[in-house]
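What follows is one structure encoded as structure tokens, with my remarks underneath.
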Protein chains: 4
Amino acid sequence: MGNFKGHALPGSFFLLFGLWWSVKYPLKYVCRKNKNACYLGSRAGFQRLEFIEGIIKAVFALIGMIAEQFVPDGPHLKLYNYEEKHWDHLMNWQHATMYLFYGISGLVDVVAHGTNALPVALDRMMLSLAVFIEGFLFYYHIHGRDMLDFHVHQLLLVAIFGAALCILLEVFFRGSIVLEMLRTSLCILQGSWLWQIGFVLYPPNGRLEWNQMDHNNMMFLTMCYCWHYAFAFLILVAITTSFGGYCTDQTDFIINIFP
Amino acid sequence: MGNFKGHALPGSFFLLFGLWWSVKYPLKYVCRKNKNACYLGSRAGFQRLEFIEGIIKAVFALIGMIAEQFVPDGPHLKLYNYEEKHWDHLMNWQHATMYLFYGISGLVDVVAHGTNALPVALDRMMLSLAVFIEGFLFYYHIHGRDMLDFHVHQLLLVAIFGAALCILLEVFFRGSIVLEMLRTSLCILQGSWLWQIGFVLYPPNGRLEWNQMDHNNMMFLTMCYCWHYAFAFLILVAITTSFGGYCTDQTDFIINIFP
Amino acid sequence: MGNFKGHALPGSFFLLFGLWWSVKYPLKYVCRKNKNACYLGSRAGFQRLEFIEGIIKAVFALIGMIAEQFVPDGPHLKLYNYEEKHWDHLMNWQHATMYLFYGISGLVDVVAHGTNALPVALDRMMLSLAVFIEGFLFYYHIHGRDMLDFHVHQLLLVAIFGAALCILLEVFFRGSIVLEMLRTSLCILQGSWLWQIGFVLYPPNGRLEWNQMDHNNMMFLTMCYCWHYAFAFLILVAITTSFGGYCTDQTDFIINIFP
Amino acid sequence: MGNFKGHALPGSFFLLFGLWWSVKYPLKYVCRKNKNACYLGSRAGFQRLEFIEGIIKAVFALIGMIAEQFVPDGPHLKLYNYEEKHWDHLMNWQHATMYLFYGISGLVDVVAHGTNALPVALDRMMLSLAVFIEGFLFYYHIHGRDMLDFHVHQLLLVAIFGAALCILLEVFFRGSIVLEMLRTSLCILQGSWLWQIGFVLYPPNGRLEWNQMDHNNMMFLTMCYCWHYAFAFLILVAITTSFGGYCTDQTDFIINIFP
């Protein structure tokens, strides 16, 4: 959906997940250190959380897919316009495909953590694939746009492919707190940057539009992107530090593996 | 072979292997969990399977090579046309070279699993190299084609190089079920996408040809590629889930390594 | 700051850190081998060092940020020029952003090693991110410059992204002496190359300027870059060898992990 | 040296090392499996071999450097031509720089395996850097050449960067037979391809020159490159198999690490 809401909606989804993770993972980290300190620290407790997360992810993806299909100027499940012989609303279909993969990821989460029929590590693998496919579709999506439009989406791609790589590493280093924090920060970045894109490309209530061809705008937005990330990371560090004060043991997860 | 059959034949090979693996690896995974539950779960049983797979792979590669050489408009082992001073049927020779590496991979499988003269891990390394060489040859192969032709082959390259990387990881994380599932899904994707390429570039029984220059066709095919993958992955997850119902223990392979 | 000092100042910071590390890590390596041989070898001793390093890094970053903002032709914290409707001194703002991330990295070091509220491995992750962001900003920074200017900064990017990758590996292989040596050598390279860039682009006291369009200058500077690295590496090897003479045991860190 | 000998000489160096490794590593692999079977299997025996290899590598590098400097049309250590104000014989200087890094790699081997002053893993790290720098210099070296000239050197770069990556992996998975075999095969490939480049670009005794602009020549050479590799790999597999017949135990190195 090429308008402000079309960027704000997925942006909010990512922000919500990012902020939730920025509470969940530090908490999990503290609980793992101070065993017996809290209920959530148990393996079963966190497995239940992952199960619920999977359901929420699947529901959000379904909402996104339905919104893309049935907004007034959407395709309403029609893929090909036989009268005029061209594809119909390809943009919306592509966005719906992105949501589809997040939906599958949610489904895999539910099956992997609800039953023991799937290997647990498949949840990270599928999430990594979903994020990669999002980036992959975006990559061909933004072909041939105006300079500034192209640039802000290209910056988004850095966060997306970075997150895909980070989650792939999590398949092999599952439970590493630093990778979980990296993923969380990239997720917040993606969410806040989607809002920023909305403000830049579709300024709400009739504000001045950005000059698409000004090189200085590009340079400013690149820097602005870094500030978004600094902000995301600082929030995360602040939360972790405030939780981490309860820890009594300094040694962290990775260090235990490679002593 | 630049025609429908030339894409359908290797596509079928890949589909066959992909579907076989989508049965084999989940089965192996279940057997490893429930020891004593089945004959195939024994190390010897699976080694015999890998041995037979190697033979079949080598035979398929031989069929492919012979087909490329001795089809009516093939090179018949002639590489250089001395009369007209140019290389003869380079396309067919390149395809034959791709098959050659799969043949070597089959050979290495047979030697590594039939005798104990070669390190076992060499089978994955050689398969990774064979897939990489396939992508490498394709990369220079598709140089200078029409836009749509180029694009559908470029999408194929994503699956190919993805598979090569995945198999390289398997050298180091041998037996990881998530990597085996990733490889399987990419193999099915490659097979079904080769069929799709055949339908797009050489529509059988005189259907309408695709407009090579329409940007919307490109966008649709990119999305279509994702749907192929979603389909491949869902089949795989469905099979694994149905097998996985027999498992009693939740902990999977990777988790045991990095607890 | 597009002048000689603007390259010499950060270059000196990097050289200082690189040379300090080229003493610290070989020493740490020797101490770990010959336990009880020195005070610094204790875990607590090195943790205190990392703590102090974090403070110094944060202070240097602060100096850099203030210098970029308040030099005579700096932005003085003004980001947008409302009269002439354009961004103000974006270059200085971008440099300040680079310093900002090093500042955050210093802060994380201080918290992670001073308290036990943050996972220790986060210091490497944040340093890797800071170096990556430096490269990321440079990448868009040097867009559209003259050939030679572009080339010398592009060479710098190789050192920067190499260092970012190396430090990311350190998150997982913490304490590996070879990675620490690689990082140290790349840090020295970056420092000495920043000085070289200063001499090439802004020759001090009125020397002859370099011809920006001569392809031979480009080829010479590429080679010169390799000599810088050879020099950096040889210094490091010499220091390590002179320290390493005190070692009695040959087995090194990595070998112990993968015997 | 832009002539046939200038490609045949380094090509022979690489072939010699590659063929030597294709004997050494399979032998080492067999000896490690059948302990007490041979003298070379002892840790000390192989360390002595690495020491001697380092000396030979350093000597070869020295020969290469001297040859580049003192051939009749070489620079004779003169870097800048002050009369005509241009750099002198930059090609030869670049080649000498490539040899320099192999020389440093030989030196590091000698110190790391002769004394215990350097960490052992540094030999692989330095070799990886030497190979990377070779590729790095080649990359800027071949800028702006004719199409075929560019293409054959670009193919060489694949082997070079592949080898650099493989050796970097060896830093962390030291002693893995599959990585050692991959490195060996890429080294043979590089050697034989350098000979091929010599034959293509500087056909000896007045044979017909290759048409630099024929796209078919490019396609043939890409395929030819793959045949070189198939040949290199098959030789290696044949040698390993013939040695490996003496093995009694099937489990290989990697499998022991990740059981």
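FYI, it's all coordinate maths here, none of it is from the lab. All values reported here derive from a predicted model rather than from experimental measurement. Note that each Cβ is placed from the backbone with ideal geometry, even for glycine, and that neighbours are counted across all protein chains shown.
Things to note:
- Most positive-pole-ward Cα, A:His215, D:Gly103, B:Gly11, against dipole of the protein assembly as shown from beta carbon charges: D:Gly103
- Size of electric dipole in the range B:68-182: Cβ of Lys, Arg +1 and of Asp, Glu -1, about Cα centre, debye, nearest 20: 300 debye
- Estimated dipole of chain D in Debye, rounded to 20 [Cβ of Lys and Arg +1, of Asp and Glu -1, Cα centre]: 900 debye
- Using a 7 Å Cα-to-Cβ projection, A:Pro203 label spacings across copies, nm, ascending: 4.7, 4.7, 6.6
- Scanning chain C for trypsin sites (Lys or Arg not before Pro) lying in DSSP loops with no more than 16 further Cβ atoms inside 10 Å, the longest uninterrupted stretch between such sites is C:146-206.
- Gaussian network model of chain D, springs between alpha carbon atoms under 10 Å - residue of D:Asn34, D:Asn92, D:Asn205 with greatest fluctuation: D:Asn205
- For B:Leu77, inter-copy label distances in nm, listed shortest first [label point 7 Å out on the Cα-Cβ vector]: 5.9, 5.9, 8.4
- For chain C, hydrophobic long helices are taken as DSSP H runs at least 30 Å long by C-alpha position along their axis with mean Kyte-Doolittle hydropathy of -0.5 or more; these are C:4-33, C:43-70, C:90-114, C:147-172, C:177-201, C:215-244.
- Loop chymotrypsin sites (Phe, Trp or Tyr not before Pro), the range D:9-101, which have at most 14 other Cβ atoms in a 10 Å radius of their Cβ (DSSP): D:Tyr82
- Highest GNM mean-square fluctuation among B:Gly103, B:Gly18, B:Gly45, for chain B modelled with Cα contacts below 10 Å: B:Gly45.
- All lysines inside 19 Å of A:Lys33 as judged from Cα atoms, apart from same-chain residues fewer than 8 positions distant: A:Lys24
- Straight-line cross-link partners of A:Lys78 among the lysines, defined as a Cα under 23 Å from its Cα and at least 8 positions apart when in the same chain: A:Lys5.
- Here the dipole of the protein assembly as shown is about 3540 debye; that uses its Cα centre as origin and unit charges on the Cβ of Lys and Arg (positive) and Asp and Glu (negative).
- Averaging Cα coordinates gives a centre for the range C:107-133 and one for the range C:185-201; these two points are 26 Å apart.
- Length released on extending from C:Arg145 to C:Asn34, taking residue separation times 0.36 nm less the Cα-Cα span: 34.7 nm
- Note on A:Val59 and D:Asn211: the model spin-label points, each 7 Å out from Cα along the C-beta direction, lie 6.8 nm apart.
- For A:Met91 and B:Tyr202, a Förster radius of 35 Å and the Cβ-Cβ distance give a FRET efficiency of 0.75, rounded to the nearest 0.05.
- For chain A, the 222 nm mean residue ellipticity estimated from helices alone, with every DSSP H stretch of n ≥ 4 adding -39500 (n - 2.57) and the total spread over all residues, rounds to -25500 deg cm²/dmol.
- For C:His86, nonlocal amide neighbours, meaning residues 5 or more places apart or on other chains whose placed amide H falls under 5 Å from its own, are C:Asn81.
- 7 Å along Cα→Cβ, label-point gaps from B:Ile66 to other copies, nm, shortest first: 5.8, 5.8, 8.2
- In the protein assembly as shown, a dipole from Cβ-located charges (positive for Lys and Arg, negative for Asp and Glu) runs towards its positive end, and of A:Trp193, A:Gly162, C:Val23 it is C:Val23 whose Cα lies farthest in that direction.
- Annotation for the range D:79-164: GluC sites (Glu not before Pro) lying in DSSP loop with at most 13 further Cβ atoms inside 10 Å of their Cβ are D:Glu83, D:Glu84.
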